[in-house]
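The numbers here are math on the coordinates, done by the rules we state, and not lab data. Bear in mind the structure is a predicted one, so any value in this text is a computation, not a measurement. So basically every Cβ, Gly included, is an ideal-geometry build from the backbone, and we count neighbours across all protein chains shown.
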Amino acid sequence: MKVEQFVMAYKVEQDKIRAMLPAGFQSLRPVLRINAEICGEEAYIELNTPVAAFGKQGWLNIDNWKSPETNITYSKNGQTVTFATSFLEISYTGVGIEGGCPAERDNDGCFFIKKNIILVLPEKIYSNKEFCDCKFAWNFINGDAHGVSIGGKTFSAIANKPIIVYEKQELTAKAAAHIKCEQMLGQYKVVFER
């Protein structure tokens with residue numbers, strides 16, 4: 001089945017991420033990542049952060065939403081694809097430049113926390129990625145994170161040593177979405193067969 005996948009990462013205060021991580025997980029970089037997909041007629045969105053746990057490095061899934069269980073709409077206007085829910089609006093506009101994603105180099109998979117912790121191995125995608133311009137806004141509550149990319153450019157995020165120890169907080173999309181976006185880091189789209 002044809003999948004259109006859209007990925008965006010942005011920099012946040014790493015200590016706030018650390019305050020939300022479950023026991024056994026270590027924050028690798030001050031990053032939150034939104035993945036969105038169109039697969040057939042259905043849409044899927046997930047929110048992740050890079051972690052190390054149990055001898056593996058990858059992504060920790062904070063939450064995910066799938067249509068039709070969640071009302072996710074998407075629209076296409078030329079090179080722009082926009083996803084919208086009651087709590088998030090995000091759009092990607094292809095800029096016609098292809099490249100790779102450096103975060104894939106140390107990716108053992110994505111941790112999902114249900115009753116048990118499950119590590120889902122990364123998908124092998126051989127299609128070229130197209131860099132995008134992107135803008136997003138979380139809308140769980142007033143003041144949630146929002147941002148706009150800078151001309152399709154990609155920036156790295158280096159791990160920070162702990163500075164502030166925040167009170168422990170439950171790992172939820174609503175809490176993560178309220179952490180201010182300091183900088184858009186990178187965004188791309190890729191089309192492949194699953």
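Amide H contacts for H178 (H built 1.01 Å from N in the peptide plane; partners 5 or more residues away or on another chain; cut-off under 5 Å): A145. Distance between the C-alpha centres of the range 109-131 and the range 163-194: 16 Å, rounded to the whole angstrom. When the chain is treated as a Gaussian network with alpha carbon springs shorter than 10 Å, the biggest mean-square fluctuation among G58, G109, G99 belongs to G99. Annotation: amide H-H contacts under 5 Å for L60 (H modelled 1.01 Å from N, sequence separation of 5 or more, or interchain): T49, V51, F111.
Treating the beta-carbon of each Lys and Arg as +1 and of each Asp and Glu as -1, no other charges, what is the dipole magnitude of the chain about its Cα centre, to the nearest 20 debye?
Details: 22 positive and 22 negative charges, 84 e Å.
Dipole about the Cα centre, nearest 20: 400 debye.
With a/c under 1.5 counting as rounded, go ahead and sort the range 2-193 into rounded, prolate or oblate using the C-alpha gyration tensor (a ≥ b ≥ c being the square roots of the eigenvalues; past the cut-off, prolate if a/b is larger than b/c, else oblate). Rounded shape, in that the Cα axes give a/c under 1.5.
Here the 3J(HN,Hα) profile of the range 187-194, calculated from phi with Karplus coefficients 6.51, -1.76 and 1.60 at θ = phi - 60°, is 7, 8, 10, 8, 10, 8, 9, 10 Hz, Gly and Pro shown as x.
Ignoring everything except DSSP H segments at least 4 long, calculate the 222 nm mean residue ellipticity for the chain; use -39,500 (n - 2.57) per segment, divide by total residues, nearest 500.
-1000 deg cm²/dmol
Classification of the range 1-40 by its C-alpha gyration tensor yields a prolate form. The axis ratio a/c (a ≥ b ≥ c) is 1.5 or more, and a/b outweighs b/c. Between the amide H of K129 and those of G99, distances stay under 5 Å, these residues lying 5 or more places away or on another chain, with hydrogens modeled in the peptide plane. Listed cross-link partners K56/K161; K16/K129; K56/K168; K153/K180 are compared with a 28 Å cut-off, the Cα-Cα value being larger for K16/K129. In order along the range 137-149, phi translates into HN-Hα couplings of 8, 6, 9, 5, 9, 4, x, 5, 4, 8, x, 9, 6 Hz, rounded to whole numbers, per the Karplus curve 6.51 cos²θ - 1.76 cosθ + 1.60 with θ = phi - 60° and x for Gly and Pro.
Simple rule: put +1 on each Lys or Arg Cβ and -1 on each Asp or Glu Cβ in the range 40-101, find the dipole, and look at Y92, N48, I72; the Cα lying farthest toward the positive end is N48.
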